[in-house]
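S.K.: The following block contains the structure, expressed as structure tokens.
The values are calculated or read from the model by the stated rules, or taken from the named source; none is laboratory data. Note that the structure is a prediction, hence the values are computed from the model and not measured. No Cβ is skipped: glycine too gets one built from the backbone with ideal geometry, and neighbour counts run over all protein chains shown. Note: accessible area is taken over every heavy atom of the protein model, side chains too, but ligands, DNA and RNA are not part of it. Shrake-Rupley method; radii C 1.70, N 1.55, O 1.52, S 1.80 Å.
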Amino acid sequence: MNGADRPPAISLWRDRRFSRFWAGNSISQFGDRITELALPLIAVNALNASANQVAWLTALIWTPNLLAIFLGAWVDQQARKRRLMILADLLRAAVLLSLPTAYVLGAVTLTHLYAVAMLAGAAGVLFNTAYPPFFVRLVPRASYVDANSKLSASRSVSHVAGPAIGGALIQTLTAPVAIVVDALTFLASAVLIGRVSVEEPPEVATGTAAPSLLRRAREGLAFVVRHPVLRAALGCAATVNFFTFVAGSGLIVLFASRSLGLSAGVIGIALGVGATGALLGAVSAPMISRRLGVGRSIVVGAVLFPAPIAIAAAADGPLWLRAGALAAAEFFSGFGVMLFDVNLNSLQAAVIPDRLRSRVAGAYSTINYGIRPVGAVVGGLLATLVGLRATLLIAAVGGALSLLWLLPSPIPGIRSLALISTADTAGDADDDNRPVPR
């Protein structure tokens, strides 16, 4: 057992390096909730944007992920991933601060909003592709699940309390000024990450010319496709994300309002209940992982994430039953997605070689996030053709069938990350014959 595999001598809460990173990440998560409310409100209230223009604003935030495979290939060649994460936070802060500045000058435009969405999304991709190598240098392997649980829990809390805090700030300060708070959260994250020292050795010189960006991107994607664990994980994640975006929060809200006859207040409560399910899932994921095993926890989460959409789709009867069905669907779905994410992220961290981490993260982002807007478009078409209730049922069944990617793979048999040796995944991207321990 190497040093990375040993259980940590102290808990993560007593590890100052992790605590600083967790604090910075948690602060920026709350800031994100403010911007998620503020950007559309600026578009609607200040610029009188149409529904289609607001939809484009949301889509542009995701668009940079389509190039993540190339950005990840570039990041993998950089020796100091922590500096890139700090740079990404500073870029996001600067881009966001341009909005209140333009607002004060009376110069806010829809084009400016689109540029902010695109640039902030690109900086987010930079952060996310630099993050995996940083994470494995920061956290001992035995604590991967625990660390992902804590990070996911703070994200879940931000979804529970963030909208209320963001709404109050926007109401008090106006949307453009409230965005200053989000910019400050990214500055805080940059400062805290800057105080986290991790060993980041420079890239080993090979004595030959570095491969092209396109070749490195291909190597990252090829490694994913040929690796039995990563191939199944990506297929499952992309499938479940496609179908959950077919349902989409927009269609769920529309269904709850028009078909179930629920008021905005009741819908808001139901969505809040769903967020508490995600928080509970994030907190309990390590315990469930120890009991079921990492692989089986991923399998359960892959079904439990999309399947409860069917509960909402089947809702009928008195008001309390319709509202309860929506709340139950959101709660179990939130629990399932955290069980899925915490364990899958930890497994990926354990099986990806250091030299390919950012490339693999880029390939994942391109496919996994790139499929989301496609699912949303398909969901809109299906809702028009077959109705909202049928569309939600299709999303629930199709998402649950993502299980078929996992069953023939080694994933269900993987009980503990400690049993996976880094030697099993340290070879070249072209080597797809290495055994994957169970």
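S.K.: What's the magnitude of the charge dipole for the chain around its Cα centre, counting Lys and Arg as +1 and Asp and Glu as -1 at the beta-carbon? Answer in Debye, nearest 20.
M.R.: 580 debye
S.K.: To continue, here is another question. If I model a spin label as a point 7 Å beyond the Cα along the Cα-Cβ vector, how far apart are those points for Asn45 and Ser19 in nm?
M.R.: Each label point is offset 7 Å from its Cα along the Cβ direction, giving 3.8 nm.
S.K.: Return the distance in nm (one decimal) between the two label points of a simple spin-label model at Val225 and Leu66, each offset 7 Å from Cα along Cα→Cβ.
M.R.: 2.0 nm
S.K.: If a helix is a whole DSSP H run, which ones in the chain reach 24 Å or further along their own axis (Cα) and hold a mean Kyte-Doolittle hydropathy of at least 0.5?
M.R.: 81-104, 110-138, 175-194, 228-254, 264-292, 319-351, 370-386
S.K.: State the percentage of accessible surface on region 270-381 attributable to carbon and sulfur atoms; use a 1.4 Å probe and exclude ligands, DNA and RNA.
M.R.: After summing per-atom areas, the C and S share lands at 72 percent.
S.K.: Take each of the peptides 142-149, 320-327, average the number of other beta-carbon atoms within 10 Å over its residues, and list them starting from the highest.
M.R.: Packing order, densest peptide first, comes out as 142-149, 320-327.
S.K.: A further question follows. With all protein chains present, how much of the accessible area of region 77-128 (probe radius 1.4 Å) comes from carbon and sulfur, to the nearest whole percent?
M.R.: Carbon and sulfur: 67 percent of the exposed surface of region 77-128.
S.K.: So how do 76-83, 303-310, 340-347 stack up, highest first, on mean other-Cβ count within 10 Å?
M.R.: 340-347, 303-310, 76-83
S.K.: Using the charge dipole of the chain (Lys, Arg: +1 at Cβ; Asp, Glu: -1 at Cβ; taken about the Cα centre), state which of Trp56, Val273, Gly24 has its Cα farthest towards the positive end.
M.R.: With unit charges placed on the Cβ atoms, the residue in question is Gly24.
S.K.: Identify which of Thr109, Thr384, Thr244 has the largest mean-square fluctuation in a Gaussian network model of the chain, with springs joining Cα atoms closer than 10 Å.
M.R.: Top of the fluctuation ranking is Thr384.
S.K.: Pairs of Cα atoms under 8 Å, at least six residues apart: use those to get the relative contact order of region 88-156, whole percent.
M.R.: Dividing the mean separation by the residue count of region 88-156 yields 37 percent.
S.K.: Let me ask something else. Any idea of the accessible area per residue across the chain, 1.4 Å probe, to the nearest Å²?
M.R.: 44 Å²
S.K.: For region 67-121, rounded, prolate or oblate, judged on the Cα gyration tensor with a ≥ b ≥ c (square roots of eigenvalues), a/c < 1.5 rounded, else prolate if a/b > b/c?
M.R.: Note, shape of region 67-121 comes out oblate.
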